[in-house]
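This report concerns only the one structure given below.
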Amino acid sequence: MNKLILNLKWLSSIVLIIAMIFISNNLFPYTMYIQFVGVLGWFFVGIFAKDLALVVLNGTGLLFLIAGIFKHLL
């Protein structure tokens, strides 16, 4: 289980770095989709690690990203 969490941390971090590259190049709305994947990964890391701070932070982030994605699609 620890190896799964470690791999998910690294993958999610890399995805969020890619999202930062997209943000710095003003590639909206793609940034929201990429951030969603990275934040979702960190949300699951928080659940697996039983780290409430990670769950709350990334759960809140997911809600904002979902709202932004739906707003953009509608």
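The length gained on full extension between Tyr30 and Ile14, counted as 0.36 nm times the residue separation minus their Cα-Cα distance, comes to 4.2 nm. Applied to the stretch 41-46, the Karplus parametrisation 6.51 cos²θ - 1.76 cosθ + 1.60 on θ = phi - 60° returns per-residue 3J(HN,Hα) values of x, 5, 4, 5, 4, x Hz, with x for Gly and Pro.
Identify which of the listed values of semi-axes √(5λ) of the Cα gyration tensor in Å was calculated from the structure shown: (1) 19, 16, 8; (2) 23, 15, 8; (3) 46, 11, 4. Given (1) 19, 16, 8; (2) 23, 15, 8; (3) 46, 11, 4, the structure-derived one carries the label (2). Can you tell me the 0 to 90 degree angle between the C-alpha axis of helix 2-24 and the longest principal axis of the chain, rounded to 10? Around 20 degrees separate the two axes. Accessible area per residue for the chain, computed on protein heavy atoms with a 1.4 Å probe, is 71 Å².
For the chain, carbon and sulfur atoms together expose 76% of the accessible surface, with a 1.4 angstrom probe and every protein chain in place. On C-alpha positions alone, give me the angle between the axis of helix 52-73 and the longest principal axis of the chain, in degrees, nearest 10. Computed tilt is about 20 degrees.
The values are calculated or read from the model by the stated rules, or taken from the named source; none is laboratory data. From a predicted model like this one, the values you see are computed outputs, not experimental measurements. The area values use the complete protein model at the heavy-atom level, side chains included, leaving out ligands, DNA and RNA. Shrake-Rupley method; radii C 1.70, N 1.55, O 1.52, S 1.80 Å.
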